[in-house]
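Take a look at the structure set out below.
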Amino acid sequence: MNVLELFKDIHTLIFDVDGVLTDSSVLVLEDGKLLRRMSIRDGYALKMAVESGLNVVVITGGKSEGVKVRLQNLGIRDIYTGVRDKLDKYEEYLLLNDLDSEDEAGILYMGDDLPDYEVMRRVGLPCCPRDAAPEIINISRYLSVADGGAGCARDVIEKILKLQGKWFEEPESLLGKRQI
């Protein structure tokens, strides 16, 4: 089966934050707070996914209020921070949203490291950024061409929305016309 076929029926996208929606490095301030970088293009795609009717969920072990506010501003409502057991939170999400094992085929989870492993083994489309841990790459059905925090979320969202006919379509009058 062509892996792109799996993207067509996705209804729920679940993302980790550190190493997926942000790059894998943090700036540590003197007071111990961490600063993270997020891709503007990932953000735009996340907003498009929400606006197109996809369920977008974030499950992270981190507790950054700034990240939470950013995600809320993109329209994401299901944001779980400070999660110690991602599988437990995932199962809670399924229960709260009346999703069963058959629905799991339509769930994409993008993670990058060992805390994501167990959830990724459950979903229909486990994905990861190009720079994910080897164990995560080994169980992923799709390896993004982009690194974490550098377009990997945009990569998978764009595939889903294009296959579902919900992505931006350039007006025919502009096709083939490029300005230099």
**OP:** Quickly run through the range 73-101 and pick out the residues that are assigned to a loop (DSSP other than H, G, I, E, B) and farther than 22 Å from Ala49 by Cβ.
**Re:** Gly82, Arg84, Asp85, Asp100, Ser101
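Scan the range 128-168 for residues that are more than 15 Å from Leu108 (Cα to Cα) and among the aromatic types (Phe, Trp, Tyr) and jot them down.
Listed by number, the residues that qualify are Trp167, Phe168.
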Original post:
What are the residues in the range 2-37 that are among the acidic types (Asp, Glu) and in contact with a helix residue (DSSP H, G or I) (Cβ under 7 Å, 6 or more places away or on another chain), if any?
Top reply: Asp9, Asp16
**OP:** Would you check which residues across the range 79-138 are surrounded by fewer than 17 Cβ atoms within 10 Å (Cβ to Cβ), of a type in the set (A, V, I, L, M) and in contact with a Gly (Cβ under 7 Å, 6 or more places away or on another chain) and list them?
**Re:** Ala105
Original post:
Looking at the range 138-158, which of its residues are β-branched (Val, Ile, Thr), without any contact (Cβ under 8 Å) to a residue 60 or more places away in the chain and in a helix (DSSP H, G or I)?
Top reply: Ile139
**OP:** Determine, yes or no, whether Ala132 is part of a loop (DSSP other than H, G, I, E, B), under 22 Å from Thr60 (Cα atoms), in contact with a helix residue (DSSP H, G or I) (Cβ under 9 Å, 6 or more places away or on another chain) and at pLDDT 95 or above.
**Re:** yes
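Yes/no per residue for (1) more than 17 Å from Lys166 (Cα to Cα); (2) touching a strand residue (DSSP E or B) at 6+ places or on another chain (Cβ under 7 Å):
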{"residue": "Asn2", "(1), (2)": "yes, no"}
{"residue": "Asp9", "(1), (2)": "no, no"}
{"residue": "Leu13", "(1), (2)": "no, yes"}
{"residue": "Val20", "(1), (2)": "yes, yes"}
{"residue": "Leu27", "(1), (2)": "yes, yes"}
{"residue": "Val69", "(1), (2)": "yes, no"}
{"residue": "Ile76", "(1), (2)": "yes, yes"}
**OP:** Filter the range 56-72 down to the residues that are modelled with pLDDT under 95 and not in a loop (DSSP other than H, G, I, E, B), then identify the one that is surrounded by the most Cβ atoms within 10 Å (Cβ to Cβ).
**Re:** Val67
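The values are calculated or read from the model by the stated rules, or taken from the named source; none is laboratory data. Keep in mind the model is a prediction, meaning the values are calculated, not measured. In this analysis, Cβ positions are derived from the backbone assuming ideal geometry, glycine residues included, and neighbour counts consider all displayed protein chains.
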